[in-house]
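**Student:** One structure, pasted below without further comment.
The values are calculated or read from the model by the stated rules, or taken from the named source; none is laboratory data. These numbers come from a predicted model, not from an experiment. We place every Cβ from the backbone using ideal geometry, glycine too, and count neighbours over all the protein chains shown.
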Amino acid sequence: MKFRVSIILFLLAAITISATAQQVKIKPGQIQAGFSVGLVPTYVADVTTTIVPPMSATVDVFLSPNFSLGGFVAYSKVSGESVYANAGLVESFVNQTWMTGLRTTMHSNDLNDWRVYGGFSIGATLPSIDKTVELLPGENMRDDDLPSFSRPAENGFLFSGYVGTRRYLNKNWSAYGEVGFGISLVNIGLAHKF
């Protein structure tokens with residue numbers, strides 16, 4: 001939690017301090033690379049503990065001032081447990097998830113150093129789950145293998161949409177916030193335009 005608060009305070013300070021922001025011109029062929037941290041992990045509904053917060057990196061090439069094509073990679077690691085009292089079992093797990101793919105983005109024109117954007121991503125979800133199944137305290141030992149009540153990890157197809165806003169701090173650096181389905185439901189980050 002302290003990590004998230006630090007990131008939010010850093011971005012607020014960067015936006016507040018940046019009085020030198022100027023209207024940003026984007027030209028075809030320019031590249032923008034970004035790094036973000038997720039504030040609401042995709043696995044929040046599973047009542048998990050975050051080991052590595054959701055992180056993602058993007059690289060976008062502007063094909064026009066209002067359209068970019070790029071790629072992304074994202075990672076998150078969480079742990080959790082499920083108790084099955086009727087079966088007398090507890091299942092503990094550690095889930096490491098990688099996501100990678102392509103993204104297309106439409107960008108608004110400059111709005112006083114702000115830009116609104118949205119788009120779609122397509123790619124792969126690559127989870128790896130390590131789990132252990134144990135008897136609850138007080139349960140009798142069993143001669144058979146303990147059952148698992150969760151599905152095995154399977155690689156999957158990712159199709160997602162996202163919307164965001166970006167504030168240019170100067171002609172190359174920007175801070176952004178994004179909402180969409182991916183490694184996190186809400187991301188904040190910094191980007192650099194080359």
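**Student:** Residues to consider are TYR162, TYR168; find the one that is touching a strand residue (DSSP E or B) at 6+ places or on another chain (Cβ under 6 Å), at pLDDT 90 or above and surrounded by 15 or more Cβ atoms within 10 Å (Cβ to Cβ).
**Tutor:** Every option except TYR162 fails the conditions.
**Student:** Scanning the range 151-182 for residues that are free of Cβ contacts under 8 Å to residues at least 40 places away in the same chain and outside any strand (DSSP E or B), which turns out nearest to ILE122 (Cα to Cα)?
**Tutor:** Restricting to residues being free of Cβ contacts under 8 Å to residues at least 40 places away in the same chain and outside any strand (DSSP E or B), the top hit is ASN155.
**Student:** Additional query: Hey, any hits in the range 24-45 for a residue that's modelled with pLDDT of 75 or more, touching a helix residue (DSSP H, G or I) at 6+ places or on another chain (Cβ under 7 Å) and closer than 30 Å to PHE93 by Cα?
**Tutor:** Taking every residue of the range 24-45 in turn, at least one turns out to be modelled with pLDDT of 75 or more, touching a helix residue (DSSP H, G or I) at 6+ places or on another chain (Cβ under 7 Å) and closer than 30 Å to PHE93 by Cα.
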